[in-house]
1. Which of the numbered conditions does TRP33 fail, given that it passes all the others? Conditions: (1) over 15 Å from the mean Cα position of the chain (by Cα); (2) under 22 Å from ASN23 (Cβ atoms); (3) modelled with pLDDT of 85 or more.
2. Could you list all residues from region 51-93 that are touching a residue at least 60 places away in the same chain (Cβ under 8 Å) and under 15 Å from the mean Cα position of the chain (by Cα)?
3. Determine, yes or no, whether ASP35 is surrounded by 17 or more Cβ atoms within 10 Å (Cβ to Cβ), touching a residue at least 12 places away in the same chain (Cβ under 8 Å) and of a type in the set (Asp, Glu).
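The values are calculated or read from the model by the stated rules, or taken from the named source; none is laboratory data. Keep in mind that this is a model prediction, so the values were computed, not measured. Cβ atoms come from the backbone with ideal geometry, glycine included; neighbour counts cover every protein chain shown.
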Amino acid sequence: MIIISIKQYDPIIAILRSSLLANTELASLIGTWTDDGGNTCTAIYPAYIDSIDNPVYPAITICMDESETIKDRPVFDGTLYYIHGWSKNGPDEVAYLYNLVVNALDSSENGRSSISGLAKCRKVNGKSPLYDSDTRTHYFMSEFSIIASKGLMNA
């Protein structure tokens with residue numbers, strides 16, 4: 001199993017992961033495993049599912065797609081992140097996971113993100129349920145537009 005320090009990997013993934021874990025209903029549904037040190041780890045991975053050795057299901061994966069500077073706000077980057085949910089328990093569980101993820105992340109108050117550290121977090125694309133025949137796993141795909149300070153990535 002690959003173990004990656006989320007903060008060292010990508011601070012935006014760390015923020016998204018923390019926001020997902022704050023949703024107790026979602027966190028209780030996601031699979032867990034125990035690492036060599038006896039720590040319980042939740043299956044919200046900072047990489048696509050095929051990068052994980054022996055993934056635990058249900059799982060969530062978070063991966064950056066692309067990033068660019070916001071033209072009229074040069075201190076901010078606009079970045080697209082893929083968030084996928086994976087389940088061996090069928091399309092109903094995937095649809096449920098999809099709704100929990102969207103409800104946890106796609107939020108704004110007065111045009112601003114309610115997620116601390118992010119100026120914006122909006123779902124821009126999604127599909128559910130889908131099926132991957134290679135892994136025999138149902139999944140959903142979602143893409144989120146994130147606007148955050150450039151300093152966050154360089155912290």
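1. For TRP33, the failing item is (3).
2. TYR57, ASP65, THR79, LEU80, TYR81, TYR82, ILE83
3. Values: surrounded by 17 or more Cβ atoms within 10 Å (Cβ to Cβ): no; touching a residue at least 12 places away in the same chain (Cβ under 8 Å): yes; of a type in the set (Asp, Glu): yes.
Criteria not met by ASP35.
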